[in-house]
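Q: Would you mind keeping the following structure in view while I ask a few things?
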């Protein structure tokens, strides 16, 4: 990844206001273009093992840098990260897919489904409930465990979800409200020659997990 991308985001984090951004619009355009080149190359490689992303490009996947501050206490107008959600219908799709994220001090690749609506969440839980052995086998596979520790548990209910038996042995898995998994890396890796190969390899390890969730759709 070209260092100008992260350098712009670091400077934006220190100067998150419209005046600075307008004065540095050229730098933003350059950083965005570099990020898009990386994401387009990544999509091309992912499509070799997951055909669902064959007909999208970076512009379909990259999130806007402008924040919606209408209902937020944080009135800073810009996001200080670049992110791309690579899936069949791009960033507006509920998933499952592949996500690449970079921000000052925060770098990760993730996959799965993030904050599904109640109907889809119920279908995901049902798919896991009825096929728990298959799901656990994916989570325990050598290739998966090489990059992921398990389901991200930042958004999880305290009680068993309605409609599922509380004595189900893996009820803890069903308490998740999002079904994402994440692999973090550091700034040194981001700027190394290995970052692209690493991103492709991590996304390939996500395929069985995404395929399982895709069945719930």
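Q: Counting just the residues of the range 180-217 that are in contact with a helix residue (DSSP H, G or I) (Cβ under 8 Å, 6 or more places away or on another chain) and part of a loop (DSSP other than H, G, I, E, B), which one comes out farthest from residue 84 (Cα to Cα)?
A: 217
Q: Just the residues that are closer than 14 Å to residue 32 by Cα and touching a helix residue (DSSP H, G or I) at 6+ places or on another chain (Cβ under 7 Å), please, taken from the range 66-82.
A: Scanning the range 66-82 gives 78, 80, 81, 82.
Q: Also: Here are 38, 21, 49: which of them is more than 26 Å from residue 208 (Cβ to Cβ) and either in contact (Cβ under 8 Å) with a residue 60 or more places away in the chain or in a helix (DSSP H, G or I) (or both)?
A: 21
Q: Continuing with this model, one more query. Which of the residues that make up the range 164-192 are touching a residue at least 60 places away in the same chain (Cβ under 8 Å) and under 16 Å from residue 135 (Cα atoms)?
A: The answer is 178, 179, 180, 181.
Q: Can you say whether residue 114 is without any contact (Cβ under 8 Å) to a residue 60 or more places away in the chain, crowded, with 16+ Cβ neighbours inside 10 Å, in contact with a strand residue (DSSP E or B) (Cβ under 9 Å, 6 or more places away or on another chain) and under 30 Å from residue 172 (Cβ atoms), as far as the supplied structure shows?
A: no
Q: Here's another thing I want to ask about it. Answer with yes or no whether residue 100 is touching a residue at least 60 places away in the same chain (Cβ under 8 Å) and in contact with a strand residue (DSSP E or B) (Cβ under 9 Å, 6 or more places away or on another chain).
A: yes
Any read-out appearing in this document is the output of simple, stated calculations on the displayed coordinates, not a laboratory observation. For clarity, every value in this text was computed on a predicted model and none was experimentally measured. Don't worry about glycine lacking a Cβ; one is built from the backbone with ideal geometry, like all the others, and counts go over all protein chains shown.
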